[in-house]
Amino acid sequence: MPASVMLARRIKDAVIPATTGVMSVLPTGATNGFQLTSHNTTAGTAGSYVEVIAADTITSDIRITSAAVDSFSNNVRHHVTVAIGAAASEVEIGTFVFTVGLTSHAPLIPVSMPNIPANTRVSMKVAVQNGTSETCRVNINYVTV
């Protein structure tokens, strides 16, 4: 299948879920997203996982549909890994990558992730191309499925 068709399919799956649900955003309230920090000496090495959904927070199955990213270094490729499971036992379920030229504010990024069962801990970590410590803030949008 051509790459353009695969990309269109991933965007459709991320933006138009197979089932309907109420769009929700985490974190809620006045916070400016979950802060992720890359490894500070090794290029391409992710930092530690940061919990974005506690195991007892979501009582229905969900699907992450998009992410809003803010407060990151310009012109640095960020590779965000999404995982589920207990701390120190995370299992990767997907990734998304972003690089934005001359601004530190990214548009809403559609993501394609599998459904996440209710009462499951979700965490994220970030890696960057260079060998410096970089941070970004991520808000996630999800629907119940």
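I'd like to know if the range 75-87 contains one or more residues that are of a type in the set (A, V, I, L, M), modelled with pLDDT of 90 or more and assigned to a loop (DSSP other than H, G, I, E, B).
yes
Within the range 53-62, is even one residue under 19 Å from Leu26 (Cβ atoms), in contact (Cβ under 8 Å) with a residue 12 or more places away in the chain and not in a loop (DSSP other than H, G, I, E, B)?
Yes, the range 53-62 contains a residue that is under 19 Å from Leu26 (Cβ atoms), in contact (Cβ under 8 Å) with a residue 12 or more places away in the chain and not in a loop (DSSP other than H, G, I, E, B).
Pairs needed: first member in the range 71-94, closer than 20 Å to Gln129 by Cβ; second member anywhere, of a type in the set (Asp, Glu) and crowded, with 18+ Cβ neighbours inside 10 Å; C-beta distance under 9 Å; at least 6 residues apart or different chains.
Taking only residues 6 or more apart or on different chains, the pairs are Phe72/Glu134; Ser73/Glu134; Val76/Glu134; His78/Glu134; Thr81/Glu90.
Of the conditions (1) in contact with a Cys (Cβ under 7 Å, 6 or more places away or on another chain); (2) part of a strand (DSSP E or B), Phe72 fails just one. Which one is it?
Answer for Phe72: the failing condition is (2).
Which ones in the range 95-139 are modelled with pLDDT of 90 or more, hydrophobic (A, V, I, L, M, F, W, C) and over 17 Å from the mean Cα position of the chain (by Cα)?
Ala118
Within the range 55-82, track down each residue that is farther than 18 Å from Asn115 by Cβ and hydrophobic (A, V, I, L, M, F, W, C).
Ala68, Val69, Phe72, Val76, Val80
The values are calculated or read from the model by the stated rules, or taken from the named source; none is laboratory data. Nothing here was measured: the structure is a model prediction, and the numbers come from that model. Please note: Cβ atoms are built from the backbone with ideal geometry, for glycine as well, and neighbour counts cover all protein chains shown.
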